[in-house]
Amino acid sequence: MKAAAAEGGGPCRADGDDSLYPIAVLIDELRNEDVQPPLESLATVEETVVRDKAVESLRKISQEHSPVDLEVHFEPLVKRLASGDWFTSRTSACGLFSVCYPRVSSTVKAEIRQHFRTLCSDDTPMVRRAAASKLGEFAKVLELDYIKSDIISLFTALASDEQDSVRLLAVEACVSIATLLPQEDLETLVMPTLRQAAEDKSWRVRYMVADKFSELQKAVGPEITKNDLVPAFQNLLKDCEAEVRAAAANKVKEFCENLPEDNREQIIMTHILPCVKELVSDTNQHVKSALASVIMGLSTILGKDNTIEHLLPLFLAQLKDECPEVRLNIISNLDCVNEVIGIRQLSQSLLPAIVELAEDAKWRVRLAIIEYMPLLAGQLGVEFFDEKLNTLCMAWLIDHVYAIREAATCNLMKLVEKFGAEWAQNTIVPKVLGMANDPNYLHRMTTLFCINALSEACGQDITTKQMLPVVLKMSNDQVANVRFNVAKSLQKIGPVLDSNALQAEVKPVLEKLATDTDMDVKYFAQEAISATRAVFALHAAAPSPPVLDANFEKQMEQQAVCFH
Amino acid sequence: MGEDAESPKINHTFLRDYVTEADVISTVEFNQTGDLLATGDKGGRVVIFQRETESKGEYEEAGETGDSGEYNVYSTFQSHEPDFDYLKSLEIEEKINKIRWLPQQNAAHFLLSTNDKTIKLWKVSERDKRPEGYNLKDEEGRIKDISTITSLQVPVLKPTDLMVEVRPRRVFSNGHTYHVNSISVNSDGETYLSADDLRINMWHLGITDRSFNIVDIKPANMEDLTEVITSAEFHPHHCHLFVYSSSKGTLRLCDMRASALCDKHTKLFEEPEDPGSRSFFSEIISSVSDVKFSHNGRYLLTRDYLTAKVWDLHMDKGPVETYQVHEYLRSKLCSLYENDCIFDKFECVWNSSDSVIMTGAYNSFFRMFDRETGRGVTLEAWRESSKPRAVLRTRRVYTGGKRRRGDVGVDSLDFSKKILHMAWHPSENIIAIAATNNLYIFQDRVNPETHVP
């Protein structure tokens, strides 16, 4: 299904039921059994959120009752709701059975079971849906005998309901019921229904089975998994509906991980891997994307040799997929593979894929790659990076889209943290500073942003000797935006510089900018001056500070007066 | 091809006609019990009529006043306002295209109404009590002067005159690029579909910001467009089946269990074209204007320009029954094309036991066909020709043979008086006919209820 995004108002604000929602919450706070009557009527309104909250509050109240009070006050309420005329009260009743059952007498228990049975075969699908969704929870509080005698027949009936929406809720209940029953009963009591659900005509039911597959696997245990779930999983991976295949593909890694150890590898190689190979060339991109996000995890399960022989071709195929999301999902999970076979094996095919993604037409794809760059760089090592990826990172700095330039700047900072200041000085700082002469003012500004980001990581020496001169030179730039960013940069890198530089070089430039013709330049220069004054004070407090220039302060005050 | 003779067994009583404001009625729909009847008009208003409860025991004799199952105005509200699409610089009409009632879930009633773009869910509820005795407000709602308050009282609920309140509960907007022509509520009680010219969406009644697209027949290149969706409906019992009709005269039955996107139909219903009768207008008059499932879910009723057809769901090669509504117009197709009448979209309805079908025509005529005998009857919804509570005469269009008194010649048919919209009570023989701005309600007194076997 394609979801078409549609704006719309929510329930229109009007008095009536919407205003009952806060009351339902308030009553929850009061927690008095006298509060039950209003909650009972709230549990019958047509607005679902109000009913749900009322039911929640009633559940909490039931915990506060003594067993006697439960029978006297609470259970009659549940009975009334369960026999209500309108389906709204009956749906609310479904949520209340499990909380009052454990602590009441056995006659009352029998009544409750009877009511639940009736609701499971109610005329309206809404009530049956509510019953099906609470079936698991109710089963958890029942005695084992009653689970076998009552719940199983209800479960089977709901799982064969004519309404798709009821059947798919029964699948969820299947997990709870399977966990509660002893292993030997599963085959007769639960498995037939589960097999039926996995082959249901409605794709939505099959989707639920796929979605809950890991829970089902844990609940039924290794023997049944081997005999039943493996073939079922294969079928889901080959399902005719793409949504189902995608849901199953998402579970591949978890399913394989939870297979019994003794023949895990054999099962995967014989049964699962062939299906996975098919999925790599699926027609639907969501299926491939779902597979790509988990397929790398198989390498840890299968080990080095199998990974190289069988999985590696799949990874490479997905790396070349036309859909960018698929390629991204592969790249983001490289660490699993790295553990097993080492990144060198992949690097030759990896690089073209990375380059392609880095130059993708969609900027969000480019952005995602930038975010993985520090991780990749760390895994690949500095030589590889310098040789192959450096140009990419520089190219991003002059991308058309601002978000990319910003991310690229941040990326550089992380790289410097990884590889160190010396590396930065040799490889990236010259290029960054070279951009200061670019005819495009946006690129010149990027230089300043990079300097902002890198100064701390690079350290005082590099900042003062190499970066500062460039910044100061740009204070004469003809574009005002550049000039006020110079002021901002000086403010940012001020703390990194030594006080001599601050005094001798920064101060005069800031003073000059403070007299600029452009209002914004003047403003930011002023801001920078106030900030650097604070830095001066900091230095003054330190052991061997420079002597403050008394005139400097007076000049600043005078200029401050002019601007206010 | 002669017109069928009057049937003396049917005794229709014309109850009353209702004149709404000068606006043309665009849709009519009974609710599931038949106690409420909703009409929508071109001005975006919805008028709901309620059936007065019958007096105990026998039916009133014709001519006596007093309530005897009559429909009176229950509530009126403005459902949609005229709107403007700024992106395309197009006006969005407020005309109500369809109204569908939801199955009743509590004392209030819910209905969906739609114009070309937006579907709204309305709650119709009665209020017969109101709180009185506030401390800070007086009876008219004005704030009291605090100094006059000397004691504290608890407000109580007092009975008042019955008030009918209508409030919008959900607004489902921005789901459609083209004009919405149908809505249909699913038997699962929580979803419904809406169809426009090229797409069908499925909505959940509780979720307004998302809908799922289940059919999309928009071609990649709009120049390849050859057919559009004209009507769509869910099966009355099976939550996974729905049918949609096209402008090419085909019906497609889709099973939502098979796949998420139902572009590929499960069954295609198409009558093979008779090469002998092919003409320039063949394709236009084959366009299906309305499709309805029978109450038992076994048959489909479709209306194209000249005929009404009944299809068996189990047979897709052609209809099982074809009824000529106004075959005499076949020779007039050229002039009908000139005045655009050939594009009129007539609705069709089943009766409660699926034994009779009904559809509209021109000159304020409408036609009923008895499926067992195959015979049809022409009736007229026109105030001048009948008095309230009088038996409705059958009419005839003269097409040859012996001319009888009261016959109308084909050339004297008034094509501006079209009966496009109609509804049949879900269990009784009561029909509601919309004729431009008038609503006519007819009731069969002799056989008021048809017993469903």
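Since A:Gln234 meets every condition but one in (1) away from every other protein chain (no Cβ under 14 Å); (2) surrounded by 16 or more Cβ atoms within 10 Å (Cβ to Cβ), which condition does it not meet? So A:Gln234 meets the others, but not (2).
The residues in the stretch A:329-373 that are at pLDDT 75 or above and among the aliphatic types (A, V, I, L, M) can be counted, and the count is 14. Number of residues in the stretch B:238-269 that are among the charged types (D, E, K, R) and under 13 Å from A:Asp164 (Cα atoms): the value is 2. Do the conditions hold for A:Asn411, that is, is it part of a helix (DSSP H, G or I) and farther than 19 Å from A:Asn485 by Cβ? Considered against the rule, which asks whether it is part of a helix (DSSP H, G or I) and farther than 19 Å from A:Asn485 by Cβ, A:Asn411 comes out as yes. Residues in the stretch B:200-212 that are buried (at least 22 other Cβ atoms within 10 Å of the Cβ) and either more than 9 Å from chain A (Cβ to nearest Cβ) or not hydrophobic (A, V, I, L, M, F, W, C) (or both): B:Ile200, B:Asn201, B:Thr208, B:Ser211.
Scanning the stretch A:485-536 for residues that are polar (S, T, N, Q) and either more than 19 Å from A:Ile462 (Cα to Cα) or outside any helix (DSSP H, G or I) (or both) yields A:Asn485, A:Thr515, A:Thr517, A:Gln526, A:Ser530, A:Thr532. Residues in the stretch A:84-128 that are charged (D, E, K, R) and surrounded by 24 or more Cβ atoms within 10 Å (Cβ to Cβ): 2 in all. Within the set A:Asp239, A:Asp228, A:Asp282, A:Asp262, the sole residue that is out of contact with any strand residue (DSSP E or B) (no Cβ under 8 Å at 6 or more places or on another chain), within 24 Å of A:Pro352 (Cβ to Cβ) and of a type outside the set (Val, Ile, Thr) turns out to be A:Asp282.
Would you point out which residue out of B:Val24, B:Val28 is of a type in the set (Val, Ile, Thr) and modelled with pLDDT under 95? Lay out the reasoning, then the answer.
Numbers: B:Val28 fails: modelled with pLDDT under 95.
Result: B:Val24 is the single residue among B:Val24, B:Val28 that is of a type in the set (Val, Ile, Thr) and modelled with pLDDT under 95.
Within the stretch A:433-456, the residues that satisfy the criterion of being hydrophobic (A, V, I, L, M, F, W, C) and buried (at least 19 other Cβ atoms within 10 Å of the Cβ) are A:Met435, A:Ala436, A:Met445, A:Leu448, A:Phe449, A:Cys450, A:Ile451, A:Ala453, A:Leu454. Would you mention how many residues in the stretch B:213-226 are crowded, with 17+ Cβ neighbours inside 10 Å and touching a Lys or Arg at 6+ places or on another chain (Cβ under 7 Å)? Residues flagged as crowded, with 17+ Cβ neighbours inside 10 Å and touching a Lys or Arg at 6+ places or on another chain (Cβ under 7 Å) within the stretch B:213-226 amount to 2. Determine, yes or no, whether A:Val252 is over 11 Å from A:Arg206 (Cα atoms) and buried (at least 22 other Cβ atoms within 10 Å of the Cβ). Yes: the conditions hold for A:Val252. In summary, helices (runs of 4 or more DSSP H) completely within the stretch A:118-224 and bearing 1 or more residues that are under 23 Å from A:Leu259 (Cβ atoms) and either touching a Cys at 6+ places or on another chain (Cβ under 9 Å) or more than 14 Å from chain B (Cβ to nearest Cβ) (or both) occur at A:164-180, A:183-189, A:191-198, A:203-211, A:213-224.
For the stretch B:380-419, filtering for residues that are of a type outside the set (D, E, K, R) and crowded, with 22+ Cβ neighbours inside 10 Å leaves 2. Within the stretch B:110-144, restricting attention to residues that are among the β-branched types (Val, Ile, Thr) and more than 17 Å from B:Val47 (Cβ to Cβ), the residue that is surrounded by the most Cβ atoms within 10 Å (Cβ to Cβ) is B:Ile119.
Each residue in the stretch B:71-109 was checked for being away from chain A (no Cβ under 14 Å), of a type in the set (A, V, I, L, M, F, W, C) and surrounded by fewer than 20 Cβ atoms within 10 Å (Cβ to Cβ), and 4 pass. Screening the stretch B:339-384 for strands (runs of 3 or more DSSP E) wholly inside it with 1 or more residues that are over 20 Å from B:Leu413 (Cβ atoms) and within 20 Å of the chain's Cα centre (by Cα) returns the ranges B:348-350, B:356-360.
Those strands (runs of 3 or more DSSP E) of the stretch B:149-203 in which 2 or more residues are touching a Pro at 6+ places or on another chain (Cβ under 8 Å), in contact (Cβ under 8 Å) with a residue 24 or more places away in the chain and within 29 Å of B:Leu87 (Cβ to Cβ) occupy B:156-172. For the stretch A:307-325, does any single residue satisfy the condition of being under 23 Å from the mean Cα position of the chain (by Cα), among the hydroxyl-bearing types (Ser, Thr, Tyr) and either over 27 Å from A:Ala242 (Cβ atoms) or buried (at least 18 other Cβ atoms within 10 Å of the Cβ) (or both)? No: zero hits.
Annotation note: Cβ proximity below 9 Å between a residue of the stretch A:196-225 that is surrounded by fewer than 16 Cβ atoms within 10 Å (Cβ to Cβ) and a residue that is assigned to a helix (DSSP H, G or I) and among the basic types (Lys, Arg) (sequence gap 6+ or interchain) occurs for A:Glu199/A:Arg206.
Total residues in the stretch B:121-137 satisfying the condition of being facing chain A (nearest Cβ under 9 Å) and of a type in the set (Lys, Arg): the figure is 1.
The values are calculated or read from the model by the stated rules, or taken from the named source; none is laboratory data. Just so you know, these numbers come straight off a predicted model, no measurement behind them. Cβ coordinates were reconstructed from backbone atoms using ideal geometry, including for glycine residues, and neighbour counts include every protein chain displayed.
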